[in-house]
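Here it is, the structure in full.
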Amino acid sequence: MNFRKKVRLGDILIDKHIIDQSQLENALAEQKKRPGTMLGEELVTLGYVSQDKINEILCEHLDIDYVDMATYEPAERVMTLLPEDMMRKYVLVPMDFDNNNAGILKVAMADPMNIFAMDDINIMTGRQVVPYLANSSDIKAYLDRRFGRKQSENIANLFKDENAPVEEENEAEKIRKAEIENAPIVKLANQIIENAARDGASDIHIEPFETTVKIRYRIDGALREVETYDKSVFNALSTRYKIMSGMDISEKRKPQDGRATVMVDGREYDIRVSNLPTVYGEKIVMRLAFKEGFKREKKDLGLTEADLERFNDILKNPNGIILVTGPTGSGKSTTLYTALNSLNTEDVNIITVEDPVEANIDGINQVMVNAKAGLTFASALRSILRQDPDIIMIGEIRDGETAEIAVRASITGHLVVSTLHTNSTASSISRLRDMGIESYLISDSLVGIIAQRLVRRICKNCCKEVEANEEEKKIMGLDPNETVMIKKPVGCKMCGNTGYKGRIGIYEIMTITHDVKKLISAGAEPDVIQRKAQEEGMHTLREAATEYVLQGLTSCEELIRTTYEA
């Protein structure tokens, strides 16, 4: 392949009939909004093509090989040939010399058609470049693993060496130091967030102790300690995050909440910041939400074909209440936004009331709760009902007043979608009764309940296959005499030695049929309602998790952890 001849990815995909011209134009328009992103990334984000397909076509067209940088370890002898800033600029990593010719350098590149990058490498190393295709995200993650943590340590040490303790300084001086003199702290604050985003963390914990500050990330639902710094950096770091999120930096006695938006690798993240006074200082927790992550297709939620059909049937109802239930961090918001996206057409008026608004959706009117201003879920709902809505989304039904208005709205011809903190579909009915809603009103208003959890995926790089023991077969409801092979987590550097990498949803979808309505109206107990729903084809959370264990996607330990109370 002659790499001097510029080949455009969009043209290749159109020639192969993978995308059409309008899709290419949409992706190019999105790319302009996010400088630094690649066209392929935008096409994947928009759902027009998979990353695997792009890789396959580029490798075939350019006659090059693909390398998985999530598992490949470059040779140490070549890592000193190129500076870090160059690798980050061009999104590439040197892999090794060619076995037969030391004058040839093999390089993993996100854009193997970038002749400028290859020219710069040739000038700097005096070697000819043989490009290999690699995913941009994998290269950035590798560079972050190799350089990011060390960079954070250096910044923290620089701050410690150059600055006196800041405990006794006034607040104006702290701001001046954080914003002007102590640029390293600004870099450290940003680095902590960037590392978390690249590691796929959902939360960042900044925890002060007597002499140290611990940084922990919640990845795939579990906390991991990633760094420990000297306590001297904490006050400046805390002040920086308060400034970023609009908090009062002079208030140290009360908990505060704030919000910030940051860009990492061309992606916009919404950050909800919370601080809590402790004996050693204010603990800070930041929740990261990738805004585009909420805009999914229903098929991307991880639903089985049968569950997807049930989900679609529930969404066809013109009125009634659809509930999504589960504990915090189980993906309820993603499911709600996915449902809204599928219902969002020109001929309907959709209004949401949320605390807070987690992602902005074009064409939907979104209201954020403001308790200080007296705008609660209940008061907002009363106003929304005068706005001629067709569909109402309530972030969470927290009390009897909100539940009552939701029921009234559904009975008067509106479709209401909301969340509830319960463990299963049937227990949601008990919760509504506990909130003071009469059984006959619950029966009339409910059209469907979706209970869900997120189970961790077993790391494919290090898992081992074993035979399930008697206890595990009993938990999965299998014949104890049957030989069943399942996967067990082991742990490697690719999964942070946890044995898991990524998560997948499990679902329990109850359609409120005529027979189920009769049971609800008669005040039947949750277990009776659940049995009837199962007779009508509903799969429980445990059954869904069991299926994933048998497919080798997750472990029996995850099944127990996520469905223990279900």
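Sort 455-464, 442-451, 111-120 for me by packing, meaning the mean count of neighbouring Cβ atoms within 10 Å per residue, highest on top.
Per-residue Cβ counts within 10 Å, averaged per peptide and sorted highest first, yield 442-451, 455-464, 111-120.
Take the Cβ-Cβ distance between Thr483 and His17 as r, set R0 to 51 Å, and report the resulting FRET efficiency rounded to the nearest 0.05.
0.65
Still on this structure, please answer the following. On a straight-distance basis, which aspartates and glutamates could pair with Lys488 in a cross-link, Cα separation under 16 angstrom, same-chain partners fewer than 8 positions away excluded?
Straight-line reach from Lys488, under 16 Å: Glu465, Glu467, Glu470, Glu471, Glu472, Glu547, Glu557, Glu558.
With every protein chain kept in place and ligands, DNA and RNA left out, what is the accessible area per residue of the chain? Probe 1.4 Å, answer in Å².
I get 48 Å² per residue for this part.
Could you give me D for segment 243-367, from Stokes-Einstein at 25 °C and 0.890 mPa s, where the hydrodynamic radius is the Kirkwood radius over C-alpha pairs? Units µm² s⁻¹, please.
Result for D is 143 µm²/s.
Once the whole set of protein chains is in place, how much accessible area is left on His514, using a 1.4 Å probe, in Å² to the nearest 10?
130 Å²
Points 7 angstrom from Cα along the Cβ direction at Asn360 and Thr228: gap in nanometres?
Here the modelled spin labels are 4.3 nm apart.
Moving on to the next point. Take the Cα pairs of segment 478-529, get the Kirkwood Rh, then feed it into Stokes-Einstein at 10 °C and 1.306 mPa s and tell me D in µm²/s.
Stokes-Einstein gives a translational diffusion coefficient of 100 µm²/s.
A further question on this structure: What value in Å³ per residue do you get for the convex hull of the alpha-carbon atoms in segment 212-275?
120 Å³
Treat each spin label as a single point 7 Å out from the Cα along the C-beta direction, and report the Arg382 to Lys316 distance in nm.
3.8 nm
Starting at 0 and stepping by 5 Å, how many percent of the alpha carbon pairs of segment 273-344 end up in each bin?
The percentages, shortest bin first, are 3, 12, 20, 21, 14, 9, 7, 6, 5, 3, 1.
Of all DSSP beta bridges in the chain, what percent run antiparallel (nearest 5)?
The antiparallel proportion sits near 65 percent.
Given the DSSP H assignment, sum -39500 (n - 2.57) over each helix run of at least 4 residues in the chain and divide by its residue total; what's the result at 222 nm in deg cm²/dmol, nearest 500?
Result for the chain, helices only: -11000 deg cm²/dmol.
Once you charge only the Cβ atoms, +1 for Lys and Arg and -1 for Asp and Glu, what is the size of the charge dipole of the chain about its Cα centre, to the nearest 20 debye?
Its charge dipole is roughly 720 debye.
Then there's this: If the convex hull of the alpha-carbon atoms of segment 403-479 is projected onto planes in all directions, what is the mean projected area in square nanometres?
For segment 403-479, averaging the hull's shadow over all directions gives 8.4 nm².
Towards the positive end of the charge dipole of the chain, with charges on Cβ (+1 Lys, Arg; -1 Asp, Glu), say which of Ala196, Ile512, Ala380 has the farthest Cα.
Ala196
Expected output is a single nm value to one decimal: the length gained when fully extending between Thr125 and Met263, i.e. 0.36 nm times separation in residues minus the C-alpha distance. What is it?
46.4 nm
Still on this structure: What is the percent of Cα-Cα separations in segment 341-421 that go past 16 Å?
Counting pairs separated by more than 16 Å, the tail of P(r) holds 46 percent.
Bins of 10 Å, beginning at zero and ending with the bin holding the largest distance: percent of Cα pairs per bin for segment 1-104, please.
Reading upward from the zero bin: 12, 35, 35, 15, 2.
Of all accessible surface on the chain at a 1.4 Å probe, what whole percent is carbon and sulfur?
47 percent
The values are calculated or read from the model by the stated rules, or taken from the named source; none is laboratory data. Owing to the predicted nature of the structure, the values given are computational and were not obtained by experimental measurement. Every residue, glycine as well, gets a Cβ built from its backbone with ideal geometry; the counts of neighbours run over all protein chains shown. Surface accessibility is based on the protein's heavy atoms, side chains included, excluding ligands, DNA and RNA. Shrake-Rupley method; radii C 1.70, N 1.55, O 1.52, S 1.80 Å.
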